[in-house]
Amino acid sequence: MTVAKRRWLMKSEPSVFSIDDLARVKRTSWDSVRNYQARNLLRDDVKVGDEVLFYHSSADPAGVAGVARIARAAYPDPSQFDKKSEYFDPKAARDAPPWVVVDVEFVRKLPRVVTLAELKANPALAEMVVTKRGSRLSVQPVTAAEFAAVLAMT
């Protein structure tokens, strides 16, 4: 049985890790997720081969800056066990770790950032999670049509 490829929008602050950083390192873990809904998506739904819209958040302008691909499915986030990490979780048990990471790999940088304002102005993206008021999840599902519409905007 073949599982259909899914698409995601994953947010990162460019001052922490940008599309240019991913282009330089080629592949990295998507770590430090500490929201249960986002964690559940990473753990249960994100699969190897899925496509990712790499979104720069807390930026001017905020928006989609590139494309990545899931290179490794969920595995325990090592930072939850590292007492020196700001993401250390004293409740995390090694036999049942609550926090996971996935690995992402660089596909391409977009010719320009497709801004949040542009996403919100596009009627084809009216139902896209990132365009919804109060949408703060760092990992969000994206439909195939939404993914294509964003890329067409570049």
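The values are calculated or read from the model by the stated rules, or taken from the named source; none is laboratory data. Keep in mind that this is a model prediction, so the values were computed, not measured. Ideal geometry is used to build each Cβ from the backbone, glycine not excepted, and the neighbour counts take in all protein chains shown.
A few comments on the model shown:
- Enumeration of residues in the stretch 92-132 that are under 16 Å from the mean Cα position of the chain (by Cα), more than 30 Å from Pro78 (Cβ to Cβ) and of a type in the set (A, V, I, L, M): Leu110, Val113, Val114, Leu116, Met128
- Meets criteria (under 23 Å from Leu151 (Cα atoms) and either touching a residue at least 60 places away in the same chain (Cβ under 8 Å) or among the β-branched types (Val, Ile, Thr) (or both)) for Val33: no
- Residue list for the stretch 45-63, filter: under 21 Å from Thr143 (Cα atoms) and either without any contact (Cβ under 8 Å) to a residue 12 or more places away in the chain or in contact with a His (Cβ under 8 Å, 6 or more places away or on another chain) (or both): Ala62, Gly63
- Test for Lys47: is it surrounded by fewer than 19 Cβ atoms within 10 Å (Cβ to Cβ), modelled with pLDDT under 95, under 18 Å from Phe106 (Cα atoms) and not acidic (Asp, Glu): no
- Members of the stretch 16-32 that are in contact with a helix residue (DSSP H, G or I) (Cβ under 8 Å, 6 or more places away or on another chain) and not charged (D, E, K, R): Thr28, Trp30, Ser32
- Filter result for the condition that a residue is within 15 Å of Tyr55 (Cβ to Cβ) and assigned to a strand (DSSP E or B), over Val113, Val102, Val150: Val113
- Scanning the stretch 44-61 for residues that are more than 13 Å from the chain's Cα centre (by Cα) and either assigned to a loop (DSSP other than H, G, I, E, B) or basic (Lys, Arg) (or both) yields Val48, Gly49, Ser58, Ala59, Asp60, Pro61.
- In the stretch 62-87, the residue that is farthest from the chain's Cα centre (by Cα) out of those that are surrounded by fewer than 19 Cβ atoms within 10 Å (Cβ to Cβ) and within 20 Å of Arg6 (Cα to Cα) is Tyr75.
- Residues of the stretch 20-37 classified as surrounded by 19 or more Cβ atoms within 10 Å (Cβ to Cβ) and among the aliphatic types (A, V, I, L, M), total: 2
- The residues in the stretch 121-137 that are surrounded by 14 or more Cβ atoms within 10 Å (Cβ to Cβ) and modelled with pLDDT under 95 can be counted, and the count is 1.
- Top-ranked residue in the stretch 1-19 [being under 12 Å from the mean Cα position of the chain (by Cα) and of a type in the set (D, E, K, R); ranked as surrounded by the fewest Cβ atoms within 10 Å (Cβ to Cβ)]: Glu13
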